Amino acid sequence: MTPGARLAAAISLLDEILGGEPAERSLTRWSRASRFAGSKDRAAVRDIVFDCIRQRRSFAWRSGAASGRGLVIAQQLPQAADFAALFSGDGFAPEPLTDLECAAIMCEVKPAPEPIAYDYPDFLQEEIARSLGVDRQVVLAAMQARAPLDLRVNMLRGTVAGAKVMLAQEGIAVEEHPLSPQALRVLENPRAVAGSRAYTSGLVELQDISSQAVALFAGAKPGMRVMDYCAGGGGKTLALAAQLGGQGLLMAHDINPGRMKDLPDRAARAGAKVALVATDDLTKLHGKCDLVLVDAPCSGSGAWRRNPDAKWRIDASGLELLLQVQAEILDRAAKLVAPLGRLVYATCSLLRCENADQITAFQARNPTWMLQDEAKFLPPNAGDGFYSAILG
């Protein structure tokens, strides 16, 4: 594909997405239908689309058009050396810029209101200010960029030094990250990771550094009975398994068992033992777990740069429903904790209403529980935005 054809494909996809189609579904369908597009073409189109979704409001403000074409024009402004060549109308390239479009990109742009300038929904303005305070613009600016790729070295399979050597042999450059002793941030050739020997052998797992930090913060120790209560795909489950070092009992549960369908294969690759627990069997575990991790369903605001589609789908009523679900999950999970055990709550959210406020409300309902520690992990210094609290 020519550079112009890539832009045209991105414009068409963005129009679908702006019309309500989920981004991943549109991209998957386009990839399957576009046999002419090579892997580099598909990756380039995907990057353009996701850049535009992340900065949907600020790009529309800059170009003066909240359309796929308007977003792509704004996305190309910092990097396009020749708009006439890219928007030529020749072959599969987009049509040339109109006089109005040229005028819009040439004129001085008025300062945008904060939710537009930093790309988030209007209804969250007050909550974001309350949650992030004076740091909000730095955090939100980081959320407008692509997320880095982080790896967790699986200590059940090897060492950090060994992982670095194996990755380097396949041209994947990494560096250690101070937030976790098992963390590696990919600097070069990130798309090669999934097919690398380090990954397929289970030596490294794809896991955001903040997610790794939350699992480390939970404090699993060899010999413990540990429950990952909202396990999902099992990223934190496998991190907990490495901390247990094969000693103890690791269990995983999710209200939707289908989310854990890949976990047995992932655990086998990682050399970890994980017992999947059905909802009907939870009562048998009341008061028997030394550590229960609750990575609760949330707004996903901390992962907006990784999943930008989500921030344009959340609304006030949806957030209120999530708050109710989080409270119910905390109350249910607390029943599993043994005397002197710990309950660890986590979200990939930037919002105080989903984080510290939930802990305060839980303690009001359950006054015997004490807050032992809490932590925030925020970009740009970490990875995704995460919050975690330890109760005992």
### Query
If we scan the stretch 202-213, do we find a residue that is more than 17 Å from Ala303 (Cβ to Cβ), open to solvent by 50 Å² or more (accessible area, probe 1.4 Å) and free of Cβ contacts under 8 Å to residues at least 60 places away in the same chain?
no
### Query
Limited to the stretch 161-188, what total is found for residues that are within 19 Å of Arg146 (Cβ to Cβ) and small (Gly, Ala, Ser)?
2
## Note on the structure
Listed by range, helices (runs of 4 or more DSSP H) wholly within the stretch 55-114 having at least 2 residues that are exposed (fewer than 15 other Cβ atoms within 10 Å of the Cβ) are 83-86, 99-106
### Task
Could you please let me know if Asp254 is among the acidic types (Asp, Glu), modelled with pLDDT under 95 and either under 26 Å from Tyr387 (Cβ atoms) or open to solvent by 30 Å² or more (accessible area, probe 1.4 Å) (or both)?
no
#### Entry: Enumeration of residues in the stretch 40-66 that are in contact (Cβ under 8 Å) with a residue 60 or more places away in the chain and of a type outside the set (A, V, I, L, M)
Asp47, Phe50, Asp51, Arg54, Gln55, Arg56, Arg57, Ser58
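Is it the case, given these coordinates, that Thr2 is farther than 27 Å from Ala141 by Cα, among the β-branched types (Val, Ile, Thr) and surrounded by 14 or more Cβ atoms within 10 Å (Cβ to Cβ)?
Yes: the conditions hold for Thr2.
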### Task
Among residues belonging to the stretch 335-372 that are in a strand (DSSP E or B) and free of Cβ contacts under 8 Å to residues at least 40 places away in the same chain, point out the one that is surrounded by the most Cβ atoms within 10 Å (Cβ to Cβ).
Leu371
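Of the residues in the stretch 184-196, how many are surrounded by fewer than 22 Cβ atoms within 10 Å (Cβ to Cβ) and touching a Leu at 6+ places or on another chain (Cβ under 8 Å)?
Matching residues across the stretch 184-196 total 6.
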### Task
Working only within the stretch 257-277, note down all residues that are open to solvent by 20 Å² or more (accessible area, probe 1.4 Å), part of a helix (DSSP H, G or I) and more than 19 Å from Arg152 (Cα to Cα).
Pro257, Gly258, Arg259
### Task
Could you check, for the stretch 180-196, whether at least one of its residues is among the polar types (S, T, N, Q), within 21 Å of Leu263 (Cα to Cα) and under 20 Å from the mean Cα position of the chain (by Cα)?
yes
### Query
If Val174 satisfies every condition in (1) crowded, with 16+ Cβ neighbours inside 10 Å; (2) touching a Gly at 6+ places or on another chain (Cβ under 9 Å); (3) of a type outside the set (D, E, K, R); (4) without any contact (Cβ under 8 Å) to a residue 24 or more places away in the chain but one, which is the exception?
(2)
### Message
Which condition from (1) among the polar types (S, T, N, Q); (2) open to solvent by less than 20 Å² (accessible area, probe 1.4 Å); (3) assigned to a loop (DSSP other than H, G, I, E, B) is the one that Gln247 breaks?
### Response
(2)
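Quick check on my filter: what residues within the stretch 32-50 are open to solvent by 40 Å² or more (accessible area, probe 1.4 Å) and either under 16 Å from Arg191 (Cβ atoms) or within 23 Å of the chain's Cα centre (by Cα) (or both)?
Correct list: Ser39, Lys40, Arg42, Arg46.
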### Message
Please go through (1) in contact (Cβ under 8 Å) with a residue 40 or more places away in the chain; (2) under 22 Å from Arg306 (Cα atoms); (3) surrounded by 21 or more Cβ atoms within 10 Å (Cβ to Cβ) for Leu18 and return the number of the only condition it doesn't satisfy.
### Response
(3)
### Task
Restrict the check to the stretch 23-31 and report whether at least one residue is in a helix (DSSP H, G or I), acidic (Asp, Glu) and open to solvent by less than 60 Å² (accessible area, probe 1.4 Å).
no
### Query
Picking from Val292, Val325, which residue would you name as being within 24 Å of the chain's Cα centre (by Cα) and open to solvent by less than 20 Å² (accessible area, probe 1.4 Å)?
Val292
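The values are calculated or read from the model by the stated rules, or taken from the named source; none is laboratory data. A quick note: this is a predicted structure, and the numbers were derived from the prediction, not measured. When we count neighbours, we look across all protein chains shown, and the Cβ atoms used for this are built from the backbone with ideal geometry, even at glycine. Ligands, DNA and RNA are stripped out before the accessible areas are found, and what is left, the full protein with its side chains, is counted by its heavy atoms. Shrake-Rupley method; radii C 1.70, N 1.55, O 1.52, S 1.80 Å.
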